[in-house]
1. Determine the dipole magnitude for region 2-98: charges of +1 sit on the beta-carbon of Lys and Arg, -1 on that of Asp and Glu, nothing else is charged, the reference point is the Cα centre, and the result goes in debye to the nearest 20.
2. Using Cβ contacts closer than 10 Å as the measure, can you line up R34, R3, R13 from fewest to most?
3. May I ask for the angle, rounded to the nearest 10°, between helix 15-29 and the longest principal axis of the chain, with both axes built from Cα atoms and the value confined to 0 to 90°?
4. Let me have the 222 nm mean residue ellipticity of the chain computed from DSSP H runs of 4+ only, each contributing -39500 (n - 2.57), with the sum over all residues rounded to the nearest 500.
5. Tell me, K92, K49 in order of fewest to most beta-carbon neighbours within 10 Å?
6. Once the Cβ-Cβ distance between R19 and W66 is put in as r, and R0 is 30 Å, what FRET efficiency do you end up with, to the nearest 0.05?
7. Would you indicate which of [x] 2.37; [y] 1.06; [z] 1.98 is the value of Cα Rg over 2.2 N^0.38 Å derived from the coordinates of this structure?
8. Arrange T24, T53 by Cβ neighbour counts within 10 Å, fewest through most, would you?
Amino acid sequence: MIRHIVLFKVSDRSPEGSRSQVETLRGALEPLGRSIPGVSSLRVSADPKTIETHWDVALETEHESWQDLAAYQVHPEHRRALAVVDSVAAEKAIVDYELD
């Protein structure tokens, strides 16, 4: 099993703007778990904003194989979601690893 984690910082740091951009990310990313084959699970979680230096949103997906992850990353639905992500995310951090 492969886990793919992406952390996002939104570009609008105001409370209202940040909430709106977090929801934009959630709306773009959550459907991918249902529309792309090879995604075993997908979760989008927002940080409660209790510590200013924390990242705003975490995307966590799981895939049966590295090939499934690769297919997910080039899938047209994922590419469309990336356009939305790129419009609101100021920073991204990504890690992929194999679960034991």
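1. The dipole magnitude comes to about 200 debye.
2. The most exposed by this proxy come first: R34, R13, R3.
3. Rounded to the nearest ten degrees, it is 10.
4. -12000 deg cm²/dmol
5. K49, K92
6. 0.30
7. [y]
8. Exposure proxy ranking, most exposed first: T53, T24.
Computed from the coordinates by the stated procedures, all read-outs in this text should not be read as laboratory data. If you're wondering where the values come from, they're calculated on a predicted model, not measured in any experiment. Counting neighbours? That spans all protein chains shown, and the Cβs are built from the backbone with ideal geometry, glycine included.
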